[in-house]
1. Looking at the range 198-220, can you tell me whether even one residue there is within 30 Å of ARG100 (Cβ to Cβ) and buried (at least 16 other Cβ atoms within 10 Å of the Cβ)?
2. When only residues in the range 143-154 that are within 12 Å of ILE54 (Cα to Cα) and not small (Gly, Ala, Ser) count, which is surrounded by the fewest Cβ atoms within 10 Å (Cβ to Cβ)?
3. Of the residues VAL99, VAL40, which is buried (at least 16 other Cβ atoms within 10 Å of the Cβ), touching a Leu at 6+ places or on another chain (Cβ under 7 Å) and under 21 Å from GLY154 (Cα atoms)?
4. Could you say whether any residue in the range 200-216 is among the charged types (D, E, K, R) and touching a residue at least 24 places away in the same chain (Cβ under 8 Å)?
5. Taking into account only those residues within the range 217-240 that are in contact (Cβ under 8 Å) with a residue 40 or more places away in the chain and among the hydroxyl-bearing types (Ser, Thr, Tyr), which is farthest from GLY190 (Cα to Cα)?
6. Determine, yes or no, whether ILE189 is of a type in the set (Val, Ile, Thr), farther than 22 Å from GLY233 by Cα and touching a residue at least 12 places away in the same chain (Cβ under 8 Å).
7. Do we have any residue at all in the range 157-170 that's surrounded by fewer than 20 Cβ atoms within 10 Å (Cβ to Cβ), assigned to a strand (DSSP E or B) and among the small types (Gly, Ala, Ser)?
8. For the condition hydrophobic (A, V, I, L, M, F, W, C) and part of a loop (DSSP other than H, G, I, E, B), what is the one hit in LEU149, LEU91?
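The values are calculated or read from the model by the stated rules, or taken from the named source; none is laboratory data. Predicted, not measured: the structure shown is a model, and the values here were computed from it. Backbone-built Cβ (ideal geometry, glycine too); neighbour counts: all protein chains shown.
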Amino acid sequence: MFPRKTLIFAVLALSLALAPACVIEGGGGGGPMQEKTENVPLGGVGEAEIALDISAGEIVVRGADSADLLAGTFRYNRPRLEPEVNVVRGLADRARVSVRHLRRGGTIFGRVRNTWDLTLSTRVPIDLDLDCGAGRTDLDLRGLDLKSLTIDMGVGELKADLTGERSRSLDVTVDGGVGEATFVLPAAIGVRVEVDGGLGSVNAPGFAKSGRVYTNEVWGRTEASITISVDAGIGSVNLKLR
């Protein structure tokens, strides 16, 4: 029986070895590039749940004052990476939008190029759920009326900008993987971050620390607040105040 720490580092080594084989930023190999665009009009939607599930590649999400609840441009060089957008309009004015690969399962080896460039409307409240595999995740969430944010992070890099004005409190849950997660946070809104587990580091200049809990100077003193729970894997967590 191997010690637990030995097994953890073995998983880390294997994950880091496989990640470059699955996602390479440049072209070359893997088939010709294809491009697909998708738009989901707001219609009568008053609030939405949006689930994004990308197995490997780069995903960029930003907010905009748009009549489209979701607008996306997808570029990929493998047919199995073609995205599928499903929309379910429920009772009242709530809608659920899911974006995932059309074909799932198995492992993709060789040179892969897969990018999702998504814009979400700032006009309605949104519950956002992301399942990210190997690659990079860049979330510019300024201006979005987020009710909740859930991130399942795989192997790679995550950056989430949560600055800007906020009319309601926000709960963020992050299941960390292997890599680096950076959160850009507002100095003028109360922020509390709890980091549990992991073998990496937490870099949090300007935050007060109590055990594994980090709070900014105005925590508990603002009407709206941001609470982040990070179940970290192997990697680092960076907290930056702006």
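1. yes
2. Here the residue is ASP152.
3. Details: VAL40 fails: under 21 Å from GLY154 (Cα atoms).
Only one candidate passes the filter, namely VAL99.
4. Among the residues of the range 200-216, not one is among the charged types (D, E, K, R) and touching a residue at least 24 places away in the same chain (Cβ under 8 Å), which makes the answer no.
5. Here the residue is SER236.
6. Criteria met by ILE189.
7. So far as the range 157-170 goes, no, none of its residues is surrounded by fewer than 20 Cβ atoms within 10 Å (Cβ to Cβ), assigned to a strand (DSSP E or B) and among the small types (Gly, Ala, Ser).
8. Result of the check over LEU149, LEU91: LEU91.
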